[in-house]
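A short write-up of the structure that comes next.
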Amino acid sequence: MIKAHKLTIQKTAHFYTVGTPSASTNYFWIACHGYGQLASNLIRKFEDLGEEHFVVAPEGFSRFYWKGFTGDVGASWMTRADRLDEIADYSNFIRQVYEMHLAKLPKDVKIILLGFSQGCATQC
């Protein structure tokens, strides 16, 4: 008889930032990419916001090739397979990134959540 099992492991997660968290930061952004996108590409859209902004772009754990075994690489936040486990894993990741940076920011910083496509569902 086949039995399914789960094991929680440590995993290396990737995220990108623009700006430096400091006392002069007024806006703390968490920007989540859409299906097939990469955080390293999304973060570029925020480069010109200015010093009062600090932006974090976490990346989905599931990377894949768009064209079989070649071509551009994209990432996904979740699929329907073991969906609740994937949601729990990336929620824990984003929460850790959030808490790590929030501690360096003023108490009155405005938090902006931005999600595109699948990143919107991720933010929810």
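A few points about this structure:
- Residues satisfying the criterion are absent from region 85-102 (criterion: hydrophobic (A, V, I, L, M, F, W, C) and touching a Ser or Thr at 6+ places or on another chain (Cβ under 6 Å)).
- The number of residues in region 1-46 being among the aliphatic types (A, V, I, L, M) and in a loop (DSSP other than H, G, I, E, B) comes to 8.
- First in region 96-111 and more than 9 Å from PRO21 (Cβ to Cβ) and in contact (Cβ under 8 Å) with a residue 40 or more places away in the chain, second anywhere and open to solvent by 90 Å² or more (accessible area, probe 1.4 Å) and not in a helix (DSSP H, G or I), Cβ under 7 Å, 6 or more apart: PRO106/ALA23
- Of the residues making up region 25-44, those that are open to solvent by 70 Å² or more (accessible area, probe 1.4 Å) and in contact (Cβ under 8 Å) with a residue 12 or more places away in the chain number 1.
- Residues in region 54-74 that are surrounded by 18 or more Cβ atoms within 10 Å (Cβ to Cβ) and farther than 19 Å from GLN118 by Cβ: PHE54 only.
- Scanning region 56-90 for residues being at positive phi and assigned to a strand (DSSP E or B) gives a total of 1.
- Long-range neighbours under 9 Å by Cβ, at least six apart or interchain, first residue more than 28 Å from ILE43 (Cα to Cα) within region 2-16, second open to solvent by 100 Å² or more (accessible area, probe 1.4 Å): LYS6/ASP82
- Within region 83-124, being among the charged types (D, E, K, R) and closer than 20 Å to LEU7 by Cα holds for ARG83, ASP85, GLU86, ASP89.
The values are calculated or read from the model by the stated rules, or taken from the named source; none is laboratory data. Every value quoted in this text rests on a predicted model; they were computed, and no experiment measured them. Virtual Cβ from ideal backbone geometry, glycine too; neighbours counted across all protein chains shown. For the accessible areas, the whole protein counts, side chains as well, though only heavy atoms, and no ligand, DNA or RNA atoms are used. Shrake-Rupley method; radii C 1.70, N 1.55, O 1.52, S 1.80 Å.
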